[in-house]
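Sharing a structure, written as structure tokens. Questions coming.
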Amino acid sequence: MKKFGFTLAEVLITLVIIGVIAAMTIPTLMNNTNQQEFRVGLKKAISALNQAMSLNYALEGTTVGDTGLKTCANVRDNLFKKRMSVVSTGTAGAAFATPASTTPDASGIFYTADGMRFGIQGVTGSALGSFNDESYYGYIVIDVNGEKGPNVATTSAAYPRDTYIVTMYGNRVVAGKESAATDSASVATREVLYDKQTSNTSLPKS
């Protein structure tokens, strides 16, 4: 009676082949997973910011630029700390990428319970400019996974990283930096948010 089975050599060769395939595919899978997390993180962050600003307007009738919301510190402390799950504040220190040459003000940094880091920049009490007859007051740099790496500004929607830039209007934010609407960081932020690549350089109204 014959007995069927595998020799030790055959088993080892099979394990080596499996190991080679795993070594080739796992990094790609991990990278794709990280990129998807960054995309989801951006959408979640923008949604949270807009909900906080809408809620603040509904409850207090105030928007960025009004009394009490005229500086980066005001906006952080009197709006987002009241309307979001802010767990701590900080400075513009460790490993904060600055897309579109936007350095967050040291008084505008805050961290939320889900591990995200936000940095407000540009709020001085008066509008920085306007788009479609609507004034905007500053920018927010969003690091969707906090101080965890890679801490790199996203400049291509095809390869999303963890840091993005949004423009802050009175009671909402939109993807990209209005004063630099055509630069790579602004374009990439919009494209990642809307899951598409586009040559349209104007910021959407909603």
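Round to the nearest 0.05 the FRET efficiency obtained for Glu147 and Leu12 when R0 = 41 Å and r is the Cβ-Cβ distance.
0.40
With the crude spin-label approximation of a point 7 Å out along Cα→Cβ, what separation in nm comes out for Ser126 versus Lys81?
Between Ser126 and Lys81, the simple spin-label model gives 2.7 nm.
OK, next. 7 Å from Cα along Cα→Cβ at both Glu134 and Asp114: what's the point-to-point distance in nm?
2.2 nm
Something else about it: Nearest 500 deg cm²/dmol is fine: what mean residue ellipticity at 222 nm does the chain get from its DSSP H runs of n ≥ 4 alone, each adding -39,500 (n - 2.57), divided by its residue count?
Details: 3 runs with 67 residues, N = 206.
Computed mean residue ellipticity for the chain: -11500 deg cm²/dmol.
In Å, what Kirkwood hydrodynamic radius results for region 16-167 from the alpha-carbon pair distances?
16.5 Å
How far is helix 8-60 tilted, in degrees, relative to the longest principal axis of the Cα atoms in the chain, given as a value from 0 to 90 rounded to the nearest 10?
The angle comes out at about 10 degrees.
So which aspartates and glutamates can Lys70 reach, going by Cα to Cα under 16 Å and dropping same-chain residues fewer than 8 places off?
Straight-distance partners of Lys70: Glu60, Asp105.
Of the candidates Pro104, Pro160, Pro150, which one comes out as most mobile in a Gaussian network treatment of the chain with C-alpha springs shorter than 10 Å?
Of the options given, Pro150 has the highest mean-square fluctuation.
Now, a different point. GNM on the chain, C-alpha springs below 10 Å: top fluctuator among Leu79, Leu15, Leu128?
Looking only at Leu79, Leu15, Leu128, the biggest GNM fluctuation is shown by Leu15.
Determine which aspartates and glutamates satisfy two conditions relative to Lys43: a Cα distance under 16 Å, and not lying fewer than 8 residues away in the same chain.
By straight Cα distance, Lys43 reaches Asp114, Asp143, Asp162, Glu191, Asp195.
Also: Using a Förster distance of 25 Å, how high is the FRET efficiency between Thr67 and Glu37, based on the Cβ-Cβ distance and rounded to 0.05?
0.05
Need one word for region 138-177: rounded, prolate or oblate. Basis is the Cα gyration tensor (sqrt eigenvalues a ≥ b ≥ c); a/c below 1.5 gives rounded, then a/b vs b/c decides.
Taking the square roots of the gyration eigenvalues as a ≥ b ≥ c, region 138-177 is oblate.
No value in this document is a laboratory result; all are computed from the given coordinates. As the structure is a prediction and not an experimental result, all values here were calculated from the model. In this analysis, Cβ positions are derived from the backbone assuming ideal geometry, glycine residues included, and neighbour counts consider all displayed protein chains.
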